[in-house]
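First the structure, in the form of structure tokens, and then the observations on it.
The values are calculated or read from the model by the stated rules, or taken from the named source; none is laboratory data. Everything numeric here is computed off the predicted structure, so don't read it as measured data. Here the Cβ positions follow ideal geometry from the backbone for every residue, glycine too, while neighbour counts run over all protein chains shown. Ligands, DNA and RNA are stripped out before the accessible areas are found, and what is left, the full protein with its side chains, is counted by its heavy atoms. Shrake-Rupley method; radii C 1.70, N 1.55, O 1.52, S 1.80 Å.
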Amino acid sequence: DAALGPQACADLMRRAGLGAHHARPPQQMVDERDVRALHETLRAALGVGPARALGRAAGLATGDYLLAHRIPPVARGLLPRLPAGLAARLLLAAVSRHAWTFCGSGRFEVLRAGAGQALRVSLCGSATSVGARSNEPLCDYFAATFERLFQSLVHPRTRVVETACMAMGAPSCVFEIRGP
């Protein structure tokens, strides 16, 4: 609604078969097919660039929601005070334990990095890219969510970049978590 206006948003949600979600926003997790339908409809109706921008904005908002309502206050206070490497490992362990909440039938994996290399995570079966074909990565929602969490809990200059995407033919979507 904020980006497109209530009427345009309602129209897009109806086109995606999700009009009921717009009329009564879900109060619990939704089926990954709904997420896929929304992203497919956004790309078809708005184009890839604007859909990616909306995905990024939604990911940042999701990160804010998680920080406010799902990350325990003790973790929000402790992690930023730890050395960045340790805070990142603890945060990734927590994300891995709760990955079912955003992976659906997909698979989340922390990829081991060598000394001096960026941390990397893999999401195989991302609802934002399954079945899609693109010349550019499509998982801005996930990259932005991870980025917001890492910026708030590990280091404020952290950036998350999707370096491989299933929509581009990769076996999984890979995100590099780049620190200062």
Exercise for review: Please state the charge dipole magnitude for the stretch 48-116, taken about the Cα centre, from unit charges on C-beta atoms (+1 on K and R, -1 on D and E), reported in debye and rounded to the nearest 20.
Suggested key: 80 debye
Review point. Tell me, what HN-Hα J-couplings in whole Hz come from the Karplus equation 6.51 cos²θ - 1.76 cosθ + 1.60 at θ = phi - 60° for each residue of the stretch 45-62, using x for Gly and Pro?
Key: 7, 9, x, 5, x, x, 5, 5, 4, 5, x, 5, 4, 5, x, 4, 5, 5
Review point. To the nearest 20 debye, what charge dipole does the chain have about its Cα centre, counting +1 at the Cβ of each Lys and Arg and -1 at the Cβ of each Asp and Glu?
Key: 420 debye
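Kindly report the accessible area of the chain per residue (heavy atoms of protein chains, probe 1.4 Å, no ligands, DNA or RNA), in Å².
Details: 9890 Å² over 180 residues.
On a per-residue basis, 55 Å².
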Exercise for review: Step through the residues of the stretch 169-180 one at a time and calculate ³J(HN,Hα) from phi using the Karplus curve (6.51 cos²θ - 1.76 cosθ + 1.60, θ = phi - 60°), rounding each to whole Hz and writing x for Gly and Pro.
Suggested key: x, 6, x, 7, 8, 10, 10, 9, 9, 9, x, x
**Study point:** Within the stretch 1-61: Cβ-based charge dipole about Cα centre, in debye rounded to nearest 20 (Lys, Arg +1; Asp, Glu -1)
**Key:** 120 debye
Check your understanding: Roughly speaking, what is the centre-to-centre gap between the stretch 88-124 and the stretch 1-56 when only Cα atoms are used, to the nearest Å?
Key -> 26 Å
Exercise for review: Go through M29, A99, A53 and say which Cα lies farthest out towards the positive end of the charge dipole of the chain; charges sit on Cβ, +1 for Lys and Arg, -1 for Asp and Glu.
Suggested key: A99
**Study point:** Cβ-derived FRET efficiency at R0 22 Å, A68 paired with R133, nearest 0.05
**Key:** 0.05
Practice item. Multiply the residue separation of R76 and A61 by 0.36 nm, subtract the distance between their alpha-carbon atoms, and state the gained length in nm to one decimal. Key: 3.7 nm
Check your understanding: Where the accessible area of the chain is counted over protein heavy atoms with a 1.4 Å probe, how much of it, in %, is carbon and sulfur?
Key -> 56 percent
Check your understanding: Between A45 and H98, what length in nm is gained on full extension when 0.36 nm per residue of separation is reduced by their alpha carbon distance?
Key -> 15.9 nm
Check your understanding: So, counting K/R as plus one and D/E as minus one, what does the shell of residues with Cβ under 14 Å around I71 add up to?
Key -> +3
Point to revise | Cα lying deepest toward the dipole's positive end in the stretch 89-180, options A143, F108, P156, charges on Cβ | key: P156
Study note, to complete from the structure: Whole-Hz Karplus couplings 3J(HN,Hα) for the stretch 86-94, θ = phi - 60° and coefficients 6.51, -1.76, 1.60, Gly and Pro as x, run 5, 4, 5, 5, 5, 5, 5, 5, 5
Revision key, fill the gap. 1/(1 + (r/R0)^6) with r = Cβ-Cβ of R157 and A113, R0 = 22 Å, i.e. FRET efficiency to nearest 0.05, evaluates to 0.75
Study note, to complete from the structure: Site D11, offset 7 angstrom along Cα→Cβ, radius 15 Å on amide nitrogen, limited to the stretch 45-65, gives 45-47
Check your understanding: Which of these values of percent of Cα pairs over 23 Å apart was calculated from the structure shown: (i) 41; (ii) 47; (iii) 53?
Key -> (i)
